[in-house]
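*Asks:* The structure follows.
FYI, it's all coordinate maths here, none of it is from the lab. Being a predicted model, the structure only gives us computed values, none of them experimental. Cβ: placed from backbone, ideal geometry, glycine included. Neighbour counts: every protein chain shown.
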């Protein structure tokens, strides 16, 4: 176990601050039970912090702000990368990423083609909601966010103010994306996006 601890410690010491680790990353150094015990000891030593079950970070320290944690979006992307799954933000997270709200949601929902689960990070929750492959028909990240923002608002709640704000994002869409990918959005959203793009 001591050798395993040394090997894991060396890997962590060499890593940059702010990097996320999963318990599974160290599976070649011992059984999952041993690895968890070692990570727990290294956490007590202050080398790493546990963010959630099986998820650790080598903390980045700031003299004024203390520990700087990655944002929820970065953590979600790392989990997806580990699971070799596609994810796409929905709801309030889409509004936030487009700058349509300044409120960082406490519960973030991502569509995924991986396994469905919830991960608690402090007082925040990342929910991975399993969906059909068709949900990933829109490949362009910006267009996906725009479509999700419209869905979050709902057809009846679309105001002039909302359209004026989201127009900036729509205008940034690539012409090819407009031609080939908008068709995968619900018809009412297609109309809204086309109108804004052409206005």
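*Asks:* Based on the Cβ-Cβ distance from residue 61 to residue 41, what FRET efficiency comes out when R0 is 22 Å, to the nearest 0.05? Walk me through the numbers on the way to the answer.
*Replies:* Working: r = 20 Å, r/R0 = 0.92.
Calculated transfer efficiency: 0.60.
*Asks:* Can you pull the semi-axes for the chain, root of five times each eigenvalue of the Cα gyration tensor, sorted largest first, whole Å? Working shown, then result.
*Replies:* Values: eigenvalues 324, 63, 37 Å².
They are 40, 18, 14 Å, listed from largest to smallest.
*Asks:* Given points 7 Å out from each Cα along the Cα-Cβ axis, report the residue 168 to residue 104 separation in nanometres with one decimal.
*Replies:* In this crude label model, residue 168 to residue 104 measures out at 2.0 nm.
*Asks:* Something else about it: Which distance in Å, rounded to a whole number, links the C-alpha centroids of segment 127-199 and segment 13-78?
*Replies:* Taking the Cα centre of each part, segment 127-199 and segment 13-78 sit 36 Å apart.
*Asks:* Something else about it: For 102, 131, what ranking results if the residue with the fewest other Cβ atoms within 10 Å of its Cβ goes first?
*Replies:* On the way: 102 7, 131 17.
Taking fewest neighbouring Cβ atoms as first place, the list is 102, 131.
*Asks:* Here is a follow-up. Can you show me the helix-derived [θ] at 222 nm for the chain, built from DSSP H runs with n ≥ 4 at -39,500 (n - 2.57) apiece and divided by the number of residues, rounded to the nearest 500.
*Replies:* For the chain, the value works out to -13500 deg cm²/dmol.
*Asks:* Kindly provide log₁₀ I(q)/I(0) values, in the same order as q = 0.16, 0.19, 0.28 Å⁻¹, from the Debye equation applied to equal alpha-carbon scatterers of segment 137-198.
*Replies:* With one equal scatterer per Cα and no solvent, log10 I(q)/I(0) is -0.42, -0.61, -1.43.
*Asks:* Also, quick follow-up: Going from the alpha-carbon gyration tensor of segment 45-149, what semi-axes, largest first and in whole Å, does one get by taking the root of 5 times each eigenvalue?
*Replies:* 26, 17, 11
*Asks:* Under a 10 Å cutoff between Cα atoms, tell me which one of 107, 172, 58 has the largest fluctuation in the Gaussian network model of the chain.
*Replies:* Maximum fluctuation in the GNM of the chain, among the listed residues, is at 172.
*Asks:* I want to check the label-to-label distance for residue 11 and residue 183. Put each point 7 Å from Cα in the C-beta direction and report it in nm to one decimal.
*Replies:* Once both label points are built, they end up 4.6 nm from each other.
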